[in-house]
Amino acid sequence: LTNTNVEIKNTLNTGNLLFANTKAKQKNLVLFATTLKPLHGTQLLGVEMYYEFLENLVDLTKLSIEKKIKISANVHSSHRECIGNLKKIFPNISFECKKIDKILKKTIVTISFSSSVIEDSINSRVPVILFDKWKRYKHCDVNINNDFYPIFYVNDVNELYEKIEFIKNNYSKLDFKSVIIGEDTNYNIEKLFKNL
């Protein structure tokens, strides 16, 4: 399409049809959901490079030890073979390679930078902290004034800890309706077929 002034009629706003959305009562895990992927075919700006991933794990290990926070890293399936070595290097972090909906059931907050797990988390009513030590960019609206918008943006590990504590203390007040379109996936699909 070269004409950017095309008027689109009869759009159907469905809400989430794709991302995980789970609900659970007991949530205490801090999830580090990495964007580490194979280098071939990767958009370099929007993902963590391997050295950034490792540096983030150093920070998260420090946070885990000093603040006694249970942190789990869900590794992309393309790097599953690295989990054994990562466990040896970072014994205070739990490493997994599981379906995201299983992990989100026990997660209080997701730490990421740029990954589809951000949408999975929000649709599962798990707040997100965008951890961007390199101050690259904010790719979505974020909480600015410690109000109850469920997406946060931080640049260092001290800010990260403060936001984790804020979320733990204010979880029930977070406003997921401000970022979720529609209801849960099943409802949205059912609604889509009713409207067709």
**Asked** On full extension of the chain, what length is gained from Lys102 through Tyr51, given 0.36 nm per residue of separation minus the C-alpha to C-alpha distance?
**Response** 15.6 nm
**Complete:** About its Cα centre, region 67-196 carries a charge dipole, from +1 on Lys and Arg Cβ atoms and -1 on Asp and Glu Cβ atoms, whose size in debye to the nearest 20 is 500 debye
**Message:** How far apart, in nanometres, would the label points at Ser94 and Phe176 be if each is projected 7 angstrom from Cα along the Cα-to-Cβ direction?
**Reply:** 2.0 nm
**Request:** Find which of Asn158, Ser121, His139 sits farthest along the positive direction of the dipole of region 84-165, computed with +1 on the beta-carbon of Lys and Arg, -1 on that of Asp and Glu, about the Cα centre.
**Result:** Ser121
**Fill in**
Honestly region 106-152 on the Cα gyration tensor test (a ≥ b ≥ c root eigenvalues; a/c under 1.5 rounded, otherwise a/b vs b/c for prolate or oblate) is just oblate
**Message:** Using a 1.4 Å probe on the protein heavy atoms, what percent of the accessible area of region 50-194 belongs to carbon and sulfur?
**Reply:** 49 percent
**Item:** Centroid-to-centroid separation of region 120-184 and region 50-109 [C-alpha atoms, Å]
**Value:** 19 Å
**Request:** Report the calculated FRET efficiency for Lys67 and Ser116 (r = Cβ-Cβ distance, R0 = 35 Å), to the nearest 0.05.
**Result:** 0.80
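The values are calculated or read from the model by the stated rules, or taken from the named source; none is laboratory data. These numbers come from a predicted model, not from an experiment. Cβ sites come from the backbone with ideal geometry, for glycine too, and all protein chains shown count toward neighbours. Only protein heavy atoms, including side chains, enter the accessible area calculation; ligands, DNA and RNA are left aside. Shrake-Rupley method; radii C 1.70, N 1.55, O 1.52, S 1.80 Å.
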